[in-house]
Amino acid sequence: MKAHRIVLLAAGTIGLVNGCAPLFLAGAGTAAIAAHDRRSLGASIDDEAIELKAGSALRSDDELRRDTHINITSMNGVVLLGGEAATAELRDRVLARTREVTGIRRIVNEVRVASVASLGNRGHDVWLTTKVKTKLIRTEDLD
């Protein structure tokens, strides 16, 4: 048991030393949220596969990769698309490419036509998301 604690401490320290603290903390928050997920393991795996396939479809298009920033979230086959696209045509192409992925029951398209958010803004969003998830985890009477 003591060896496990040392390994976890070392892994956490390495993550912080390498400047990956936000990613390390976001991963820990996500793992804790997953522990309370009401979906079955199969549904969670299906949703993860949908997210990966949709992301791959979008990244295979050079123009979408360059002129959009899209977040893809799947929950029980319902996909939420969020983020920014430089033009309405690119937003429509994101939707069309996502529709090609099998297993999707419904798509909610919240992609807005706007300039793509900077890396700094996205980093700040990750930090805020981690803070919210951490507070939700510590809330005892939340279902």
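Coordinate-derived values only; no laboratory data. Bear in mind the structure is a predicted one, so any value in this text is a computation, not a measurement. Cβ sites come from the backbone with ideal geometry, for glycine too, and all protein chains shown count toward neighbours.
Structure summary
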| quantity | calculated |
| --- | --- |
| Estimated dipole of the range 34-100 in Debye, rounded to 20 [Cβ of Lys and Arg +1, of Asp and Glu -1, Cα centre] | 100 debye |
| Interchain or long-range residues, amide H under 5 Å from residue 107's placed H | 79 |
| For peptides 57-70, 79-92, 101-114, sequence by mean Cβ density within 10 Å, most packed first | 79-92, 57-70, 101-114 |
| Nearest-20 debye value, the range 39-143 charge dipole, Cβ charges on Lys, Arg, Asp, Glu | 100 debye |
| 3J(HN,Hα) from dihedral phi, the range 91-104, Karplus parametrisation 6.51/-1.76/1.60, rounded to Hz, x for glycine, proline | 4, 5, 5, 4, 5, 4, 5, 5, 4, 6, 6, 6, x, 7 |
| 11 Å beta-carbon shell around residue 61, net charge (K/R +1, D/E -1) | +2 |
| Nitroxide proxy distance, nm - points 7 Å out along Cα→Cβ at residue 117 and residue 89 | 2.6 nm |
